[in-house]
Amino acid sequence: MSVKLGAQLGELLALIKAYVAQETLEPARSIGRLVLFALFSGALLGIGLLLLAVALLRYLADLDVFAGKAMSTLPYLAACLFCGLCVFGLVRAARRG
């Protein structure tokens, strides 16, 4: 009788280990993939925003309208404003869900 009970206990422990692995490890792996994807896409979005801001800065700096010394800082302010508006929009979209 104890041999049968020992076999059942071993089977029960194996079943518990398989259940814990199924219910904790597999969802953690899928969450890990989701976090990795989110970090990668956030990095790409940040790089794209930076490149757009530099392109805007270069375009505005090349215009003859901002040729004076007093007006030369306006392209930099415009690029900073563009970045700030993009970040504001992204944060607002993230909070909305």
Among Ala78, Ala53, Ala93, which is the only one that is farther than 25 Å from Leu39 by Cβ and of a type outside the set (D, E, K, R)? Ala78
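I'd like the full set of residues that are farther than 30 Å from Leu90 by Cβ and β-branched (Val, Ile, Thr), limited to segment 18-50. Please lay out each step first, then the result.
So in segment 18-50, the residues farther than 30 Å from Leu90 by Cβ come out as 18-26.
Listed by number, the residues that qualify are Val20, Thr24.
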Give the number of residues within segment 51-75 that are part of a helix (DSSP H, G or I) and either over 26 Å from Ala93 (Cα atoms) or without any contact (Cβ under 8 Å) to a residue 12 or more places away in the chain (or both). 12
Condition met for Ala93 (among the hydrophobic types (A, V, I, L, M, F, W, C), modelled with pLDDT of 90 or more and touching a Phe, Trp or Tyr at 6+ places or on another chain (Cβ under 9 Å)): no
Taking segment 58-84, which residues are closer than 16 Å to Gly48 by Cα and over 27 Å from the mean Cα position of the chain (by Cα)? Arg58
For Arg33, state whether it is of a type in the set (Lys, Arg), part of a helix (DSSP H, G or I), modelled with pLDDT under 90 and under 15 Å from the mean Cα position of the chain (by Cα). yes
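The values are calculated or read from the model by the stated rules, or taken from the named source; none is laboratory data. None of these values were measured; they are calculated from a predicted model. For neighbour counting, all protein chains shown are included, and Cβ atoms are generated from backbone atoms with ideal geometry for every residue, glycine included.
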